[in-house]
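Undergrad: Got a structure for you, questions after.
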Amino acid sequence: MSQGVSRPTNVVTVEKRPIPEPGQNEVLLQMNAVGICGSDVHYWQHGKLGDFLMRKPMVLGHEGSGTVVKVGAGVQHLKAGDRVAIEPAYPLHNDDFCKSGRYNLSPRMFCCATPPYDGHLCRYYAHNANYCFKLPECVSSEEGAFIEPLSVAIHACRRGRVKLGSKVLICGAGPIGLLNLLVAKATGAAQVVICDLSSSRLEKAKEVGADFTILVTKETPQELAQEVEKVLGCMPDSTIECTGAEFCVHTGIYSTLSGGTVLLVGHGPALVSVPLLNAAIREVDIRGMFRYCNTYPMAIAMLASKKVDVKPLITHRFPLDQAVEAFETTKKRLGIKVMLKCD
Amino acid sequence: MAEHENLSVVLHKKHDLRLEKRPIPDPGPNEVLLKIDSVGICGSDVHYWQNGEIGDFILKEPMVLGHEASGSVSKVGSGVRHLKAGDRVAIEPGIPREIDEHCRAGRYNLSPTIFFSATPPDDGNLCRYNTHDANYCYKLPESVSFEEGAMIEPLSVAIHACRRGGVTIGSKVFILGAGTIGLVNLLVSKSMGASQIVICDLSMGRLEKAKQLGASFTIAVDRGTSAKELGQKVKQVLGGAMPDVSIECTGTELCEQAGVYATKSGGVLVLVGMGKPSANIPVLDLIIREVDVRGVFRYCNTWPVAVNMLASKRIDVKPLVTHRFPLEEVLEAFETTKKGVGIKVMLKCDPNNQGP
């Protein structure tokens, strides 16, 4: 079986590995589609991400869907032939975070393609059955693979308090920004304005439903905030910051209405200089997010009902044995989402 | 007679505080005329006295200071139904001027055009007589003293902060700073059911007071302590647990950072202290551990709760009042506050009632 494996020496290769057996509460999946994420590219280029350091070769890929081939002992809700979306990260201990529903904050988690755990960019992969979610017929395998990044957006919009009637600013029109746009609108946001440095990304944003787009050039964050207010006719209640750039963190704070929320998705440096007093005295909450929790069932429902359409965001497809080319394409930031077809 | 002159404490410009006689105003529709009894001095009053400004609020005209006040109703204006002459009240200083979206949503403290006693250009209550919107005067039962009534204002800062932080039964709370605001947050956290409260400060004297008022643990910080070290110390005293809510009451960057590091994943850091416009914050840590950072701006919907808690003796603010001065000795009162001696300094504005 072939797998896309990253080695600590920043080389990604395609190798053959044994087909695993599903353990207790696991299912063996024949992989269908796997999307490539910026973090996969990062591990490929740098061998590490934050505190996660690669010490041995690691299979990449955490945005996947597959078909159940075999069920392990104790699995009741899935059978061979079921197509599933894979939630890649799950807690290893039933601690207080798990019990209270915020399992994404549990300190010890398994996570596909995060050292030391392998991902599922391969033909056969075994996963915890409780974190495999059955896809209805009307949801394709590619849409299933898209549920992972879609989950980032669902969690972001929840944490960002986007709701019916919200006015939302999204900083960054890359894949994550665009997904937040789709989810914000599906959640009932009245108007979404999105900003980016690239006019082609903003064109795509307009196509997938942005009410307003702002091309960022030489403005200061305060000036950009004023543009946002002008274009929306009011200040946004929620800002979803998807770039990790200090400039956008500032813009988000200055832009947001008093009592609103700035949700930080993008990761930047450890210490950032922030107009904290402005946020504090206007009760603009600053919130971050770590992956997601309790999003897969909702994502499946939204895709099944066609209320969210992620298909326009899939721009490139490669067979698994062309993984290296797929990674190069992603690295060059051509298109939006690159999918690997594993079957 | 002294009591019939409206002796008022007026700040003309920084360092220029004067006692003046002003006319006794007449209450307009929906207003009451109050005979002021007790007024606490806040750090902001001292700041205006020393600097003439706070952030964007700049003193341009003479202004009466004082916003932590209580008094009795002397006269009611037209349309006032819930108060009558003789009623003793606590005064909420922030009154929205227009019914905007913030007011309609119940967060009137965020209304940009709000009136606020002793914030330029609005006059405060450090005087013998003042009028005030009757809807923002709350009747005090006999069991609640005028001084307790005046303490409702700083107590409100704490009620709002603890609410914003989500302090509730069983919460572990970390309070940074054991000055007046840290201490009222301690009292309110306890009332809300916090199981363990850790408080830190540079001053051993303040920490001793905190212990007397019910802090579970105190941490003495010295100038060499780093933000991460302070976070670690909190975890240590809590036996390896991390606080659900941290309440930052100093306005210093070190404590803002320590507040992030100390707080449990999924918890909340409330910023009460006002820091520098720009602060270096451990953003990546707050992101990947989902620690919310929430500021507070004054308070809203706190007076009725505070009156009830004081009336039922569930909260005791009396130990926080350490000094009192008659209105005429305002300068000495301000100097005392400025020196950081004691906790709350009260000014007594009724010459016939100078006791607690």
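Condition check ((1) closer than 28 Å to A:V14 by Cβ; (2) more than 15 Å from the chain's Cα centre (by Cα); (3) touching a residue at least 24 places away in the same chain (Cβ under 8 Å); (4) part of a loop (DSSP other than H, G, I, E, B)) across all residues:
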position: A:D40; (1), (2), (3), (4): yes, no, yes, no
position: A:G61; (1), (2), (3), (4): yes, no, yes, yes
position: A:G66; (1), (2), (3), (4): yes, yes, yes, no
position: A:A80; (1), (2), (3), (4): yes, yes, no, yes
position: A:A85; (1), (2), (3), (4): yes, no, yes, no
position: A:H93; (1), (2), (3), (4): no, yes, no, yes
position: A:F97; (1), (2), (3), (4): no, yes, no, no
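Undergrad: Right, next: Please state which one of B:I343, B:I247 is under 27 Å from B:A105 (Cα atoms) and not polar (S, T, N, Q).
TA: The conditions single out B:I247.
Undergrad: Run down B:A241, B:A227, B:A220 and say which single residue is more than 25 Å from A:L277 (Cβ to Cβ), within 13 Å of chain A (Cβ to nearest Cβ) and small (G, A, S).
TA: Details: B:A227 fails: more than 25 Å from A:L277 (Cβ to Cβ); B:A220 fails: within 13 Å of chain A (Cβ to nearest Cβ).
Of the residues listed, the single one that is more than 25 Å from A:L277 (Cβ to Cβ), within 13 Å of chain A (Cβ to nearest Cβ) and small (G, A, S) is B:A241.
Undergrad: Then there's this: Filter segment B:177-236 for residues that are under 25 Å from B:V345 (Cα atoms) and of a type in the set (D, E, K, R) and give the result.
TA: B:K190, B:D201, B:R206, B:E208, B:K209, B:K211
Undergrad: Could I ask something else about it? Where in segment B:233-351 are there helices (runs of 4 or more DSSP H), lying wholly inside it, with at least 3 residues that are within 23 Å of A:G50 (Cβ to Cβ) and touching a residue at least 12 places away in the same chain (Cβ under 8 Å)?
TA: The helices (runs of 4 or more DSSP H) meeting that bar are B:253-262.
Undergrad: Any residue that is surrounded by fewer than 21 Cβ atoms within 10 Å (Cβ to Cβ) and part of a loop (DSSP other than H, G, I, E, B) - is there at least one of those in segment A:30-37?
TA: So far as segment A:30-37 goes, no, none of its residues is surrounded by fewer than 21 Cβ atoms within 10 Å (Cβ to Cβ) and part of a loop (DSSP other than H, G, I, E, B).
Undergrad: Please state which one of B:V307, B:V272 is more than 7 Å from chain A (Cβ to nearest Cβ), crowded, with 24+ Cβ neighbours inside 10 Å, out of contact with any Leu (no Cβ under 6 Å at 6 or more places or on another chain) and under 30 Å from B:C137 (Cα atoms).
TA: Exactly one of B:V307, B:V272 is more than 7 Å from chain A (Cβ to nearest Cβ), crowded, with 24+ Cβ neighbours inside 10 Å, out of contact with any Leu (no Cβ under 6 Å at 6 or more places or on another chain) and under 30 Å from B:C137 (Cα atoms), namely B:V272.
Undergrad: Here's a follow-up. Being within 28 Å of A:L150 (Cα to Cα) and either modelled with pLDDT of 95 or more or surrounded by 16 or more Cβ atoms within 10 Å (Cβ to Cβ) (or both): is that true of A:G4 here?
TA: Taking the combined requirement at face value, the residue satisfies it.
Undergrad: To continue, here is another question. Please work out if B:V184 is within 21 Å of the chain's Cα centre (by Cα), in the same structural domain as B:V268 (by TED's automatic domain parsing) and under 27 Å from B:K276 (Cα atoms). It would help to see each step written out before you state the result.
TA: Numbers: within 21 Å of the chain's Cα centre (by Cα): yes; in the same structural domain as B:V268 (by TED's automatic domain parsing): yes; under 27 Å from B:K276 (Cα atoms): yes.
Yes: the conditions hold for B:V184.
Undergrad: Any idea how many residues of segment A:128-178 are of a type in the set (S, T, N, Q) and part of a loop (DSSP other than H, G, I, E, B)?
TA: Residues meeting the conditions: 2.
Undergrad: If you take the residues of segment A:180-214 that are acidic (D, E) and surrounded by fewer than 19 Cβ atoms within 10 Å (Cβ to Cβ), which of them is nearest to A:R158 (Cα to Cα)? Before the answer, list the steps.
TA: First pass over segment A:180-214, keeping only residues acidic (D, E): A:196, A:203, A:207, A:211.
Next cut, surrounded by fewer than 19 Cβ atoms within 10 Å (Cβ to Cβ) only: A:203, A:207, A:211.
Values: A:E203: 26, A:E207: 24, A:D211: 20 Å.
Of everything passing the filter in segment A:180-214, A:D211 is nearest to A:R158 (Cα to Cα).
Table: residues versus (1) closer than 30 Å to B:F297 by Cβ; (2) aromatic (F, W, Y); (3) more than 9 Å from chain B (Cβ to nearest Cβ); (4) surrounded by fewer than 24 Cβ atoms within 10 Å (Cβ to Cβ).
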site: A:Q226; (1), (2), (3), (4): yes, no, yes, yes
site: A:G260; (1), (2), (3), (4): yes, no, yes, no
site: A:Y296; (1), (2), (3), (4): no, yes, yes, yes
site: A:P319; (1), (2), (3), (4): no, no, yes, yes
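Yes/no per residue for (1) within 14 Å of chain B (Cβ to nearest Cβ); (2) surrounded by fewer than 16 Cβ atoms within 10 Å (Cβ to Cβ); (3) aromatic (F, W, Y):
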position: A:V216; (1), (2), (3): no, no, no
position: A:T220; (1), (2), (3): yes, yes, no
position: A:S255; (1), (2), (3): no, no, no
position: A:G266; (1), (2), (3): yes, no, no
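Undergrad: Quick one: which residue in B:M192, B:M204 is touching a strand residue (DSSP E or B) at 6+ places or on another chain (Cβ under 8 Å), within 29 Å of B:K318 (Cα to Cα) and of a type outside the set (F, W, Y)?
TA: The conditions single out B:M204.
Undergrad: Taking segment A:251-278 on its own, how many of its residues are modelled with pLDDT under 95 and touching a His at 6+ places or on another chain (Cβ under 7 Å)?
TA: Residues in segment A:251-278 being modelled with pLDDT under 95 and touching a His at 6+ places or on another chain (Cβ under 7 Å): 0 in total.
Undergrad: Of the residues that make up segment B:210-225, is at least one touching a residue at least 60 places away in the same chain (Cβ under 8 Å) and surrounded by fewer than 24 Cβ atoms within 10 Å (Cβ to Cβ)?
TA: Yes, there is a match, as at least one residue in segment B:210-225 is touching a residue at least 60 places away in the same chain (Cβ under 8 Å) and surrounded by fewer than 24 Cβ atoms within 10 Å (Cβ to Cβ).
Undergrad: Only one of A:G81, A:G66, A:G47, A:G72 is under 30 Å from A:T243 (Cα atoms) and away from every other protein chain (no Cβ under 14 Å). Can you tell me which?
TA: Answer to the selection: A:G47.
Undergrad: Give the number of residues within segment B:283-302 that are more than 7 Å from every other protein chain (Cβ to nearest Cβ) and closer than 16 Å to B:H67 by Cβ.
TA: 4
Undergrad: Residues in segment A:318-343 that are in contact (Cβ under 8 Å) with a residue 40 or more places away in the chain and in contact with a strand residue (DSSP E or B) (Cβ under 7 Å, 6 or more places away or on another chain): how many?
TA: 15
The values are calculated or read from the model by the stated rules, or taken from the named source; none is laboratory data. Fair warning: this is a prediction, and the values are worked out from it, not measured in the lab. Cβ sites come from the backbone with ideal geometry, for glycine too, and all protein chains shown count toward neighbours.
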